[in-house]
Amino acid sequence: MQLYLIRHAETVHNVAKVLAGTTDSALTNHGVAQINCLAQHFVSNSTKFTTVFSSDLSRARITAEGVCHAQVPSSGETPLQPIVTQNLREKDYGSMEGRFWNTSPPSPRPRDWAIPESKESMRKRAESFFNEHLLPLLMRDPHGRQNIAVVAHGIILQELWAYCIEIFNPTDTQIAPRIHDTNMTTPHRKPTWSNTGYMTVLITPDATQKTILHTFMPGFAFVVLSIDEKKHLSNLRRTRGGVGTAAHDVKQRKIDQFFR
């Protein structure tokens, strides 16, 4: 299995540097352009996904739909659609939703103050997603060449990553040599994701079949092939005049549509 962990495209809250965990933040025009670049990048690299999972929040779902719609189905094949799940939602910031990233909670806190979601709660959601969705696909065809995409959010992707590091055999968990020049030299360092940046992980049966009691996935190798990959954005430039950072309007027509 080749697993692609993808963060959603840019939103108006990202640009404003405002917390929007479970808030359904709108994509910017630049974010929509990022999705198009990402989708075409996978097509040009002949990356054909067998399954795509997504958070149910619109910024992730629309990113996943863009990737799916660019995939060309084989003859008689059903067009690919994302499988949406709440387990991939971003952290719920409670009463901090809508506040600037560097803002401290008020003191004293109001009586109706909602506490942000705990790390334990997020880890439980990541574990449920892995066990309910990824594990069955892996066990059904461990030697198969499946390309699986998971489109979600930065913090929940970190929790999913951390859970994988816990359950796979440490001696069979590694980072490919070609990416050792990045700031993440060991699998145990916390990765980060840019908008539409993605991590690629190869999970394959390990011929050595090592077993360690505290791991749940003995006999599998976990190899990181890329971290926050964003080559697809290298030629993308933000539209000036505030257009690029404005919320995307699905009713807005592109200029080339007027000259067909």
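The values are calculated or read from the model by the stated rules, or taken from the named source; none is laboratory data. A quick note: this is a predicted structure, and the numbers were derived from the prediction, not measured. Here the Cβ is made from the backbone with ideal geometry for all residues, glycine too, and neighbour counts use every protein chain on show. Note: accessible area is taken over every heavy atom of the protein model, side chains too, but ligands, DNA and RNA are not part of it. Shrake-Rupley method; radii C 1.70, N 1.55, O 1.52, S 1.80 Å.
Please check: in the Gaussian network model of the chain (C-alpha springs, under 10 Å), which one of P110, P142, P177 has the largest mean-square fluctuation. Evaluated over the chain, the most mobile residue of the options is P110. When both segment 161-178 and segment 81-147 are represented by their alpha-carbon centers, they are found 21 Å apart.
The simple spin-label model puts a point 7 Å past each Cα toward its Cβ; for W113 and T239 those points are separated by 4.2 nm. Taking all protein chains together and a 1.4 Å probe, the residues D92, D228 rank D92, D228 from largest to smallest accessible area. In the context of the full protein assembly, K48 retains an accessible surface of approximately 80 Å², using a probe radius of 1.4 Å and ignoring ligands and nucleic acids.
Ligands, DNA and RNA are left out, and with a 1.4 angstrom probe the accessible area of the chain is 53 Å² per residue. Taking θ as phi - 60° and the Karplus parameters 6.51, -1.76 and 1.60, the scalar couplings of segment 9-22 work out to 6, 5, 10, 5, 6, 4, 5, 7, 6, 10, 5, 9, x, 9 Hz in sequence order, x denoting glycine and proline.
Across the cross-link table entries K17/K231; K124/K190; K91/K124; K91/K251; K119/K190; K17/K91, which are compared at the Cα atoms, the separations over 22 Å belong to K17/K231; K91/K251. Amide H contacts of N147: Q2, T50, T51, each under 5 Å away and 5 or more positions distant or on a separate chain (H built 1.01 Å from N in the peptide plane; Pro and chain starts excluded).
Spin-label model, V223/S46: points 7 Å from Cα along the beta carbon direction are separated by 1.9 nm.
Counting only protein chain heavy atoms and rolling a 1.4 Å probe, the accessible areas of S226, S75 rank, largest first, as S75, S226. For the chain, with all protein chains in place and a probe radius of 1.4 Å, 53% of the accessible heavy-atom surface sits on carbon or sulfur. Extension gain, D249 to T192, is 17.7 nm, computed as 0.36 nm per intervening residue step minus the present C-alpha separation. If a spin label sat at a point 7 angstrom from the Cα of K231 along the line to its beta carbon, the backbone N atoms of segment 37-79 nearer than 17 Å would be those of 37-48.
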